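The values are calculated or read from the model by the stated rules, or taken from the named source; none is laboratory data. What you see is a predicted model, and the numbers here were worked out from it, not measured in a lab. As a convention, Cβ positions derive from the backbone with ideal geometry for all residues, glycine included, and neighbour counts pool all protein chains shown. Please note that ligands, DNA and RNA were not included when accessible areas were found on the heavy atoms of the full protein model with its side chains. Shrake-Rupley method; radii C 1.70, N 1.55, O 1.52, S 1.80 Å.
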Amino acid sequence: MRKLTLIVLMAFLALSACASPVPSSTPVPTLGETRDVTGGGFSFQIPPDYSASVDGGRVDLSDKQGSLLLHLYGEPADVGEPSLEKIVDSIVSEAMLRGNGIYEKSAVYTVTIAGVKGNGYDLSGTYFGAPFEGQAVIVPRKSGGFFFGMGLALGQGEEGRWQKEGKAVFQAMLQTVQFTDKP
């Protein structure tokens, strides 16, 4: 009887492994053209209908409404000893100062960008007087530099927009990041 139970259990596990995944409620966005950011040592695909501005190693993107903001920054040069968390705190704090904002950061969790493991943090707070939710990610570069990304969905009457749309766009865009500088 024990052997039969084991066989049935193994068959169930094998069948469940072959089952189609359940579709998520948030569709994976289609991305557009690839943009090379030579000053930051990376490339990525731009979400359609987003405007993009490149300045050296930094890229700022926003949707048509200006309520989904995405930022990418590559620093291929050695930045010395600061921890990844200190770098995130510095960049996010600077952004919040420009937008008269405040933020809270979650506990760290692991992210992988272009095959490199790093840190991820969920963010919430206010930015330009509006509530926001978002995410910040950072991975080290072999050169001693780093790659940073941040996505924010401003509240402007669209509570939960980060979870409904912004997070999927940001994650899809991060999955297209490739480091173009030489190690």
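What the table below lists for this structure:
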item: Entries in Lys64/Lys117; Lys86/Lys142; Lys86/Lys117 that, when Cα-Cα distance is taken, lie over 23 Å; result: Lys64/Lys117
item: Exposure ranking of Glu81, Glu75, Glu165 by accessible area [1.4 Å probe, largest first]; result: Glu81, Glu165, Glu75
item: In nm, spacing of pseudo-spin labels at Phe128 and Ser83 (7 Å Cα→C-beta vector); result: 3.3 nm
item: Mean Cβ count within 10 Å, highest first, over the residues of peptides 83-90, 138-145, 40-47; result: 40-47, 138-145, 83-90
